[in-house]
Structures are given as structure tokens and as C-alpha cells.
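Colleague: Structure in C-alpha cells, see below.
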Amino acid sequence: MKSIMKNTKWMLLFYFLLTGLLMTAIFYIGSDSGYLVIKGTWVWIYSCLGFLLLSIIIGYMAGQRIQRRIDVLEFNMLQVSKGNLSVRIGETDDPTFARLYHEFNNVMDSIEKKMELLQRMGEQEVIEKEKAAESAVIEERRRMARDLHDTVSQQLFAIHMSASSLPRVLERNEEQGKVVMEQLITMSQMAQKQMRALIAQLRPVELEGKSLAEALEMWFPDYCRQNSLKGMKEVELKGSLSEAIEHQLFLIIQEAVANIVKHAHARLVSMSLREESRQVVLSISDDGQGFDSIPHRPGSYGLSTMRERAEKLGGQVEIMSRQGSGTTIRVHIPKFT
């Protein structure tokens, strides 16, 4: 009963009903004292019931009118909580709600400007980090060049020398020639392993020279196939995203899918990336084991990393999961015109 009375609509209806009861009581007292003359008991009963019914109807209509205006405010606040900062409430004839709606619109204007500034600062931070990362990559490539010279290059030189001497060794001593052949096989396998490791380290960044949609077209199905996942992808981008947003979204997608491979034991992963007029919405779902609460064990920093990347651009991350029912990660990044 207390929870019902806290609702504005039902509280208003209660007040109208109380008013109806008071009017009925006054009606009864007036009739009993002779000030009001009503002939017949049923006429008196029907009159009282009519008062009560009319009060309930009027109270319900008034409550519904107020509730509708509160619902408008609630709906727009829900849109804001989902990352849509472009919502504004139109004008109304009710002066009380007109002031409330006006203040809501002013607050949203302020929030949108601050989020736009936050996003620009986040983009600038990403760009600066990219420059620092580029310098680190150049230094890393120099190191790998030295590694190539010290490992694979020397292995290949040893293979070449052994292969060159093999015909003469076979002529002189066949058994010794077999030993040299075994050494050649071992050295070639070692060189191949070292080369694969270096190639993996030198693998180019998937976004380099490509748009986000193009990079996902190449990377997502290949990654799913390598990890025995069935991947479903839906990308609707207009090509108007900044380089920083594309970069952060790509890193979030990589982190999310890597988490699925490591922890979810899933067979299916679906990704949806849509660019709307005022926000970008990313959704990644799997059919894995899920969880009842966000894990906080050592090394499980993937979810917090995704949140940090989204928050740098004024966005937010929603995580929906239940034990045995898979997981859905939804990311909202606001867009500013």
C-alpha cells in the first residue's frame, strides 16, 4: 500500500476519492438534518455512488495527465542513460512542467558540450599515444633487425655452409654425410621457428591504411576461424568517424573477442556495429558460459580496459551476462556534429 501511495497518479486518485467521500458525507449530513430533501432511499444511495464514481473518474484523468508528462521526462532520461545525449523535450502548455523540461534541456546542452570536449581531449590523448607508440615500433623494428642478423641470418649462413660441403662429405664418408643432413634438418626447423616468431611480432596493425569497416572485414572472420568460433558480423558505418574513435573501437572489439576466446568457452560470437545520427553503438554477444557478476580475479582486466577506452571518448559500456546464458557487451560512443 505504501508503494502505491508513493506513485503520484494513485496518490492524486486517492485525494479525489477522499474528496468524493467528504462530499458524500456532507450530502448525508445535510439530508439527515433536513437541509437537503431526498425522497427515497435508493435515490440517496445512487446519488452518493454517483459522487464517488465521478470523483474517481476525474481523479484518474487528472492523474493520467500528470503521469504522461512524467513519463516523457523518464523516457528521455532513459535515453540519456543509454548514451544518447541529443535528446531534448519539446515545449508544453503546463507552466510547471515547462520549467522542468526547460531545465532538463539546459542540463543536456551543458552535458553535451562537456562530453564533446571530453571526447576531443580523449582523441588528442589517443593521437599522442599513437605517436609515442610509433616511436616505440621503430625502435622495436631496429631490435628485431638485430635479432634477425643474430639468429635467422646466422642459421641460414650455417645451413648454406653445411649444404655446400654435403656433396664432398657424402663422397668421402656416407655416414658422416647422414649426420650433416640431420644437422641441416634441425637447423632449418630452428630457422623456420625463429622466422615465424619474428613475423608474428612484425605483423602490421590491422587498421593501418584501412577504415574500421575494412579492417573488421579482414580481421574478424579470420580471428574467429583461427579460434574455432562461428562469427556473425553486421557493420553499418557511414565513414564519418574520427581516426581516434575508429582506433579505440577496434581495440575494444579485439579485447572483447579475445576475452571470449580465453574465458567464455563459446561456439558462436556475433558483433553489431551501427553508426546512428548522434551515437555509435557496438554490441558483441556470445553463447558461452557467462557469469553472474563481473569477475575480479588477477589478470581479468579486459572489461575495465574496455570501459576506460570508451570513457576516454565520453562513452560507456554495458555488460549483461548470466551463468549459462552467454554474455553481451554493449558500447555507446556519442557523436557530435
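The values are calculated or read from the model by the stated rules, or taken from the named source; none is laboratory data. What you see is a predicted model; the values in this text were computed from it and never measured. All accessible areas refer to the heavy atoms of the entire protein, side chains included, with ligands and DNA or RNA removed. Shrake-Rupley method; radii C 1.70, N 1.55, O 1.52, S 1.80 Å.
Colleague: Every residue in segment 218-259 that is open to solvent by less than 70 Å² (accessible area, probe 1.4 Å) and farther than 22 Å from Gly315 by Cα, please.
Modeller: Passing the criteria: Trp219, Phe220, Pro221, Asp222, Tyr223, Cys224, Asn227, Leu229, Gly231.
Colleague: When you go through (1) at pLDDT 75 or above; (2) outside any helix (DSSP H, G or I) one by one for Phe97, which number turns out not to apply?
Modeller: In the conditions (1) at pLDDT 75 or above; (2) outside any helix (DSSP H, G or I), Phe97 misses (2) alone.
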